Amino acid sequence: MSNGIAKLEERLGDKLFVRSPRGVTQTAFGARILPLIERALVALDAVTAEARRLTEPGERRIRMGLSPLIGSYLVSRSFTVLREANMRDLREGLLAGELDVILIPAVAAMPRFEHQVVDVQPIVVVSPDAAGSAPLELADAGEEEYILVPDTCGLTTFTTRLGLGSAMVPRSRLTSPDVPHRPLVDRGREVRISFEAVWSADSPLAADALRLADGLAAARRTPHPAIYNAYVRIQRDPLPDPVRDA
């Protein structure tokens, strides 16, 4: 190992460690460089794992990340490789190649990626005294008091753009229709939040991601059969093997 470290230090042009009778400690140079080396090794392992996932025989599964705001009905019959996380982690996972497609509120731009709206949900205001109440006009909503949440899932970004700065919920996230709530409307029209599928056009699974997004969009009308049929199509018509067919 000592020879390997010495060769690496020679290649990098400075010492990574200081050796003394007391032991081995990092140099200032090493403290800056070693984290970069560690990240590079993790990325190299990820490349190897991704290549194996794409080239080894067997069923391919799309790795899908979703916002906590996504209704379970939309993905309940979709792929089993799911990750629920906040907006930032989902975007970073997609950029790093750890996820093939993400489902998030359509509140922030992601240029150079493919987008497709897969669901649109009315926003409701939940409060103990909302049972049987009339819809709440957006112009009057600023007079209400709301529970604030961290801006991790995208909901705060959406409500802030409405000029409210507080969080409400999509109707699909109500645990029961009996939960006291009021529809949020803007001059009589429902205020809605859109959810989109986002994926990279350069991904080897881009065609499958598009099929999945199409199925999820169709699920707005007939949720379960549409998602199931999209899944069947992807399993029936997989992408060509990139190594075998090269």
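The values are calculated or read from the model by the stated rules, or taken from the named source; none is laboratory data. All of these numbers come straight from a predicted model, not from anything done at the bench. Neighbour counts are summed over all protein chains in view; Cβ atoms, including those assigned to glycine, are modelled from backbone coordinates with ideal geometry.
General observations
- Residues being crowded, with 18+ Cβ neighbours inside 10 Å and either assigned to a loop (DSSP other than H, G, I, E, B) or among the aliphatic types (A, V, I, L, M) (or both) - total across the range 99-112: 8
- Within the range 82-98, considering residues that are among the basic types (K, R) and in a helix (DSSP H, G or I), the one farthest from the chain's Cα centre (by Cα): R88
- Selection count where residues are at pLDDT 70 or above and either within 21 Å of D202 (Cα to Cα) or within 8 Å of the chain's Cα centre (by Cα) (or both), scope the range 56-81: 7
- When the range 159-186 is filtered for residues that are modelled with pLDDT under 65 and surrounded by 14 or more Cβ atoms within 10 Å (Cβ to Cβ), the ones remaining, listed by number, are T159, T160, L162, L164, S166, A167.
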